[in-house]
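**Q** Take this structure, written in structure tokens, and hold onto it; I'll ask about it next.
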């Protein structure tokens, strides 16, 4: 855990912990709101920043260094935009903002600009008139036992455990939204129902009520949805650089929303996959170290670490499965990191673990081998070194070997939406044709049973699209 203060020679008397206001941001609004409630349940109050907008990008470019990647501009600019709002709209004096507010962000090292974010925050905050504003960082690939040097945020095991549970539930709601929105008969109905579910979870976290009970109550809401799931729509997997693939903002040109408007069903990457990758990397490094130890002695510290890693890995999966069952999410499994490593290792040097590591290659190979998507999109910031190196280099080897693979690598520069959408539409056209051809192989009965349009009906079939799976099921039961 590192505390980073951008102080000049003058002394600033900061507010005590009881008066300090924490600012988080960078994820989707659903995730932020649920994580906020989880943090509040263990005594950590914070405010999540509004979604990043193109104005955030402009402010990031205005006050940041030149030639940075778009996530740097968006995230740094988004903080500055909020501080300007506090100063100009809420009329809070700059001195009071600097004294009371603290921004908490992830940090890390590797072959990308992510390790430079703190420096960028310092420079931009100073130039924007907020010199001395505090930025607290934690290692994004650290473990749950990170300790704060100062008691601004208590990064305790209890804190991380409740946040992990909240992240899992937020992922489940996001997955359900992606699966159901393309098939809703009443536009906007899915989001309204999921918002009510989100409200229930937030209240349960704040009041420390049973999360399982609230998830079961959400089923009643979801069962009322009016859906038509026998319309062939291509499945599009969105992956790539973590922030660019995760955000649902102007930071990636609202790619998830755009794909749905173009008639696709989106497969997005859950936040919990990032945590599972961190656990896998910790386990991999421990095994590598163990292989180098030739003394034959028992290292009890390593034995403890092994137990913690295994416990974290299995408890996350068990919790996800429990919550998914409670709300009725069927046919979805978290990524098997061991399997993804196995299929990617012949293409990607796994020890080069910058960015998303081998996951980008593995996700494409998994989609090809298991026929889980009609199109795989890798989205990354302009000039992202780890992700571009994979997509522009290794993925070309994969697609040359698997001729049927439909893959596209797209870069976001913050102001290149026209080119971005144009290239995406060309790849999507091919995906739509594939989905229609797949669906045309089956003949629907004259009367379609209503239960196939229920939100939690998920038949197993050797098909990709939801409609083709249902058509296959109906044909088999005749």
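**Q** Which three extents, in angstrom, do the Cα atoms of the chain have along their principal axes, listed largest first?
**A** Projected onto the principal axes, the Cα atoms of the chain cover 79, 62, 47 Å.
**Q** Tell me, in nm to one decimal, what length is gained between residue 433 and residue 346 on full extension, where the rule is 0.36 nm per residue of separation less the Cα-Cα distance?
**A** Value of the extension gain: 28.2 nm.
**Q** Using a Förster distance of 22 angstrom, determine the FRET efficiency expected from the C-beta separation of residue 396 and residue 261, and round it to 0.05.
**A** Step by step, r from the Cβ atoms, then E = 0.15.
**Q** Another one. Report, in degrees rounded to the nearest 10, the 0 to 90 angle that the Cα long axis of helix 54-63 makes with the longest principal axis of the chain.
**A** With both axes taken from Cα atoms, the answer is about 30 degrees.
**Q** When averaged across all projection directions, what area in nm² does the alpha-carbon convex hull of segment 28-131 cover?
**A** 7.3
**Q** Another one. In degrees, nearest 10, range 0 to 90: what is the angle between the Cα axis of helix 70-88 and the longest Cα principal axis of the chain?
**A** 60
**Q** Roughly what % antiparallel, to the nearest 5, for the DSSP beta bridges in the chain?
**A** Counting only bridges with both partners in the chain, antiparallel ones make up about 15 percent.
**Q** If you average 1/r across every pair of different Cα atoms in segment 151-219 and take the reciprocal, what Kirkwood value do you get, in Å?
**A** 13.4
**Q** Evaluate the relative contact order of the chain (contact order divided by residue number), counting alpha-carbon pairs under 8 angstrom at least 6 apart; express in whole percent.
**A** This gives 17 percent for the chain.
**Q** For labels at residue 477 and residue 226 in the simple 7 Å Cα→Cβ model, what's the distance in nm?
**A** The two pseudo-label positions are separated by 2.3 nm.
**Q** What FRET efficiency do you get for residue 17 and residue 212 if R0 is 45 Å and r is their Cβ-Cβ distance, rounded to the nearest 0.05?
**A** 0.85
**Q** When the helices in the chain are scored as -39500 (n - 2.57) per DSSP H run of 4 or longer and the sum is shared across all residues, what 222 nm value do you end up with, to the nearest 500 deg cm²/dmol?
**A** Calculated from helices alone, the mean residue ellipticity at 222 nm is -16000 deg cm²/dmol.
**Q** Stretch residue 443-residue 370 to full length: gain in nm at 0.36 nm per residue minus the Cα-Cα span?
**A** Once the chain is fully extended between residue 443 and residue 370, it gains 23.9 nm.
**Q** A further question on this structure: How far, in degrees from 0 to 90, does helix 211-222 lean away from the longest principal axis of the Cα atoms of the chain, to the nearest 10?
**A** 50
**Q** For segment 392-476, what number results from the quotient of the Cα radius of gyration and 2.2 N^0.38 Å?
**A** Compactness ratio reported: 1.47.
**Q** What order do you get for 76, 418 when you list them from fewest to most C-beta neighbours inside 10 Å?
**A** 418, 76
**Q** A further question on this structure: For segment 325-478, what number results from the quotient of the Cα radius of gyration and 2.2 N^0.38 Å?
**A** Working it through for segment 325-478, the quotient is 1.22.
**Q** If you average the alpha carbon positions of segment 415-478 and of segment 60-75, how far apart do those two centres end up, in angstrom?
**A** Distance between centres, Cα-based: 39 Å.
Any read-out appearing in this document is the output of simple, stated calculations on the displayed coordinates, not a laboratory observation. On a predicted model such as this, the values are computed, not experimentally measured, just so you know. All Cβ positions, even for glycine, are placed from backbone atoms using ideal geometry, and neighbour counts span all protein chains on display.
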